[in-house]
Amino acid sequence: MKWLRITGYTLLALALLAAVALGVALWIYRDIPAAKLEARYATEASRFIHIDGVRIHYRDEGSGPPILLLHANFSNLLGWDSFAEVLKKEHRVLRFDLPAFGLTGPDPSGDYSNARTVRLTERFADAMNLRRFSIAGTSLGGGIALRYAAKHPDRIDKLILLNPGLLEGRAMARAGTRLPDSANILKYITPRALAAYMLRSRAGDPGRITEEHVSRWHDLWLRAGNRGAILDRLRAYDSADVAEIVAQVRVPVLILWGEANPQTPLEQAAELQAMLTAAPEVRQITYPGVGHPALEEAGALIAQDVLTHLGGRLPAP
């Protein structure tokens, strides 16, 4: 019986250690209050506006023809910093944190569908008095930008898509891929190493991803309510109708793609271009050595091509 007592003590000790480790992990990765992150990441250019129940964080900088920027999944408006710095020399540059991300935080409605996100984009554009403007999106933001442009061709000058996740999402929808329930642990334990892995594993050159990039992603994931909202958005995402939506686009399109993109491979750029049958003009520029987080890797370089494009001068192919 002695060995049973020893085994019982061992199991009890292991259980206590596991409980302590879990408690420490929950403490380390606890939510960060919104006010604390606003003090850290909001700047003089930051503004907040209530739209349909959502307190949206945005920036409105520069002057000239307006362009609205929509960021990627897991990211936030700060990802556009180097890009916006170039564009705002000649344009009014607007960008906002989509619900579930950045300083905007969760949508109280709990609705993270494409339709809801497009509606919020519509109402944001109206609130900013954007009558006619260009719209650019990367990854998730590319899909929202494309849906907005398809719905409102009368308001869009040019549509700019940077590494959009449109076709990747379509493939996932066809395969019936869904986020497993086990992913819910990320609401409570979200290591910084996960942000580093997601950024660097998808980059063409991981060395271009700085510690600041990683910290920014991770900090803003931990904004109170964001982690659960991000999981809800991932589960709500559906791009099974992407072919139908793409065929409705009737505005000039500029497609920008990282050639070293492991998440949305380069061949998808040609496929997307072929699907844009109703667009009056489609141009494509690719970037050697650049991966999926293209803004973090080469935001200023890409912005120069966009600046040329918006000025009516087509970038060199």
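Every number here is computed from the coordinates shown, using simple stated rules; none is lab data. Being a predicted model, the structure only gives us computed values, none of them experimental. For neighbour counting, all protein chains shown are included, and Cβ atoms are generated from backbone atoms with ideal geometry for every residue, glycine included.
For the chain, what's the relative contact order in percent, using C-alpha pairs closer than 8 Å and at least 6 residues apart?
Relative contact order, the chain: 20 percent.
Once the piece of chain linking ASN129 and ALA278 is laid out straight, how much longer is it, given 0.36 nm per residue of separation minus the C-alpha distance between them?
Values: separation 149, 0.36 × 149 = 53.64 nm, distance 2.75 nm.
Contour length minus the Cα-Cα distance gives 50.9 nm.
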Problem set entry | Max mean-square fluctuation residue, GNM over the chain, Cα-Cα springs under 10 Å, options THR104, THR43, THR264 | THR43
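Starting from the Cα-Cα distance between SER201 and ALA270, subtract it from 0.36 nm times their residue separation and give me the gain in nm to one decimal.
Numbers: separation 69, 0.36 × 69 = 24.84 nm, distance 2.35 nm.
Taking 0.36 nm per residue and subtracting the Cα distance, the gain is 22.5 nm.
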Problem set entry | Inter-label distance, nm, simple model (7 Å from Cα along the C-beta direction), ALA45/ASP238 | 3.7
Exercise. In deg cm²/dmol and to the nearest 500, what is the mean residue ellipticity at 222 nm of the chain if only DSSP H runs of at least 4 residues count, each as -39500 (n - 2.57), divided by the residue total?
Worked result: -13500 deg cm²/dmol
For this session: For the chain, build the charge dipole from Cβ charges (+1 Lys, Arg; -1 Asp, Glu) around the Cα centre, then report which of GLN263, PHE101, LEU130 sits farthest towards its positive end.
Result: PHE101
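Per-residue counts of other Cβ atoms within 10 Å, averaged by peptide: what ranking do you get for 224-232, 160-168, highest first? Could you put the intermediate results ahead of the total?
Numbers: 224-232: 19.3, 160-168: 25.8.
With the highest mean Cβ count within 10 Å placed first, the list reads 160-168, 224-232.
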Exercise. In nm, to one decimal, how far is the modelled label at GLU212 from the one at SER182, with both set 7 Å along Cα→Cβ?
Worked result: 3.7
Seminar exercise, completed: Measuring from the longest principal axis of the C-alpha atoms of the chain, the long axis of helix 211-221 (C-alpha) lies at a number of degrees, nearest 10, equal to 80
For this session: Round to the nearest 10 and give me the degree value, 0 to 90, for the angle of helix 226-236's Cα axis relative to the longest principal axis of the chain.
Result: 60
Seminar exercise, completed: For the chain, longest principal axis from Cα atoms; helix 114-127 axis from its Cα atoms; angle between them, nearest 10 degrees, is 60
For this session: Kindly write out, for the stretch 137-145 in residue order, the coupling ³J(HN,Hα) from the Karplus curve 6.51 cos²θ - 1.76 cosθ + 1.60 (θ = phi - 60°), rounded to whole Hz, with x marking Gly and Pro.
Result: x, 10, 6, 3, x, x, x, 5, 4
